[in-house]
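For reference, the structure discussed in these notes is given below.
The values are calculated or read from the model by the stated rules, or taken from the named source; none is laboratory data. Just so it is clear, the structure is predicted and the values come from calculations on it, not from any experiment. Every residue, glycine among them, receives a Cβ derived from its backbone with ideal geometry; neighbour counts consider all protein chains shown.
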Amino acid sequence: MPQILKMSELSQLYNLPELERELDFMTSRSSGKGGQHVNTTETRVEIHFNIPGSQMLNDEQKALLLQRLGHRLSQEGNLRMYSQKSRSQADNKEDVVKRFYELIAKSLKPVKKRIRTAPGKRQKEARLETKKAVSQKKELRKPPETEY
């Protein structure tokens, strides 16, 4: 069985404020396995997080999240995630909160600048060989020169 982490431990693990205070949790009936049990219990857990309205994130973090998660947000800037993997509402809640923290942490992580490097010796040689081969092929297309 996987290790169960409390929500506050998740925020510490991902070095984020305790954002779960700003999450709106909703439950609904899940699809999938579970037989008749699935028709009577609300095990699917859905969360909504309003990025512009968050009081725990600073303006810079909000702008970064809005930019990087734009394709996943509603018009108002709400992030919606859900989980229905398990037959247990508690497991689904834990899963969706964990995925939420992973997504936020990944989105806030700064992108490393690529350091340009010079091409290696082998690459230079390979490029020159290719150029020679193409040049020779084109040279062979020309009609032979006749001397008078």
Item to check | Answer from ARG72, ARG29, ARG44, ARG80 - the residue that is at pLDDT 75 or above and buried (at least 17 other Cβ atoms within 10 Å of the Cβ) | outcome: ARG44
Checklist entry - List, please: which pairs have Cβ atoms under 9 Å, are six or more places apart or on different chains, and start with a residue in segment 47-62 that is under 25 Å from GLN89 (Cα atoms) and end with one that is of a type in the set (Val, Ile, Thr) and surrounded by 15 or more Cβ atoms within 10 Å (Cβ to Cβ)? => result ILE47/VAL96; ILE47/VAL97; PHE49/ILE104
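Can you spot a residue in segment 101-117 that is at pLDDT 95 or above and surrounded by 12 or more Cβ atoms within 10 Å (Cβ to Cβ)? Give the derivation first.
Step one: filter segment 101-117 for residues at pLDDT 95 or above, giving none.
There is no residue in segment 101-117 that is at pLDDT 95 or above and surrounded by 12 or more Cβ atoms within 10 Å (Cβ to Cβ).
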Next on the checklist: ARG122 - would you say it is exposed (fewer than 10 other Cβ atoms within 10 Å of the Cβ) and at pLDDT 95 or above?
Outcome noted: yes
Next on the checklist: Condition first: modelled with pLDDT under 85 and in contact with an Asp or Glu (Cβ under 9 Å, 6 or more places away or on another chain). Now tell me which residues in segment 16-25 satisfy that.
Outcome noted: ASP24
Item to check | Whichever residue in segment 65-87 is part of a helix (DSSP H, G or I) and aliphatic (A, V, I, L, M) and, among such residues, is farthest from the chain's Cα centre (by Cα) | outcome: LEU66
Checklist outcome for this item: Scanning segment 47-64 for residues that are buried (at least 20 other Cβ atoms within 10 Å of the Cβ) and assigned to a loop (DSSP other than H, G, I, E, B), the one nearest to the chain's Cα centre (by Cα) turns out to be ILE51
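Does segment 94-148 hold any residues that are part of a loop (DSSP other than H, G, I, E, B), over 26 Å from LEU73 (Cβ atoms) and either touching a residue at least 24 places away in the same chain (Cβ under 8 Å) or of a type in the set (A, V, I, L, M, F, W, C) (or both), and which are they? Can you show your working first?
Within segment 94-148, the subset part of a loop (DSSP other than H, G, I, E, B) is 109-120, 142-148.
Add one more test, that the residue is over 26 Å from LEU73 (Cβ atoms), and what stays is 113-120, 142-148.
Of everything in segment 94-148, those that are part of a loop (DSSP other than H, G, I, E, B), over 26 Å from LEU73 (Cβ atoms) and either touching a residue at least 24 places away in the same chain (Cβ under 8 Å) or of a type in the set (A, V, I, L, M, F, W, C) (or both) turn out to be ILE115, ALA118.
Of all residues in segment 81-93 being among the charged types (D, E, K, R) and in contact (Cβ under 8 Å) with a residue 24 or more places away in the chain, which is nearest to GLU22 (Cα to Cα)?
Taking segment 81-93 as the starting set, the residues that turn out to be among the charged types (D, E, K, R) are 85, 87, 91, 93.
Filter once more, keeping what is in contact (Cβ under 8 Å) with a residue 24 or more places away in the chain: 87, 93.
Working: ARG87: 25, LYS93: 15 Å.
That would be LYS93.
Scan segment 72-80 and give yes if some residue there is under 20 Å from LEU16 (Cβ atoms) and among the polar types (S, T, N, Q), otherwise no.
Within segment 72-80, the subset under 20 Å from LEU16 (Cβ atoms) is 72-73, 77-80.
So of that shortlist, the ones also among the polar types (S, T, N, Q) come out as 78.
Among the residues of segment 72-80, at least one is under 20 Å from LEU16 (Cβ atoms) and among the polar types (S, T, N, Q), which makes the answer yes.
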Checklist entry - So VAL134 clears everything in (1) exposed (fewer than 10 other Cβ atoms within 10 Å of the Cβ); (2) farther than 30 Å from ARG68 by Cα except one condition, right? Which one? => result (1)
